[in-house]
Amino acid sequence: MIPIKHTQEGERVIYHYTFKQLRDFLTHGFREGNNGMILIGEDKRFFYYKGFGTIENPRKNVLSLSMEHDPFFDGKRLSPENYISFLKEPKETSSTRMAIWDAKTMNN
């Protein structure tokens, strides 16, 4: 799903979707549990997501996820306007990377 617009409240950005997109997302999620997550907001440090599980690991209840942006792994951070227009551009390929840091094991 691609956000249709965003609003900014201080440093927090909230992404908006159409009613039909959200209804279809939630209906399928509660029924099948395999439609992934959508970006709902961001601030200077984190991206915030809500959603369900994946095909490999379905989950039929809503899950919240906060993910920190790391310029080393993720590259330069896009503004909300550029992010929405970037998602709307047709692409042939894409890649994503994610690093999970466990602070408890790093201190040992």
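What follows is calculated from the coordinates using simple rules that are stated; it is not laboratory data. Bear in mind that the values here come from a model prediction, so they are computed numbers and not experimental data. Cβ atoms come from the backbone with ideal geometry, glycine included; neighbour counts cover every protein chain shown.
What to note about this one:
- Among the residues making up segment 35-60, those that are loosely packed, with under 13 Cβ neighbours inside 10 Å and either free of Cβ contacts under 8 Å to residues at least 12 places away in the same chain or within 14 Å of the chain's Cα centre (by Cα) (or both) are 45, 56, 57.
- Check on residue 53, assigned to a loop (DSSP other than H, G, I, E, B) and of a type in the set (Gly, Ala, Ser): yes
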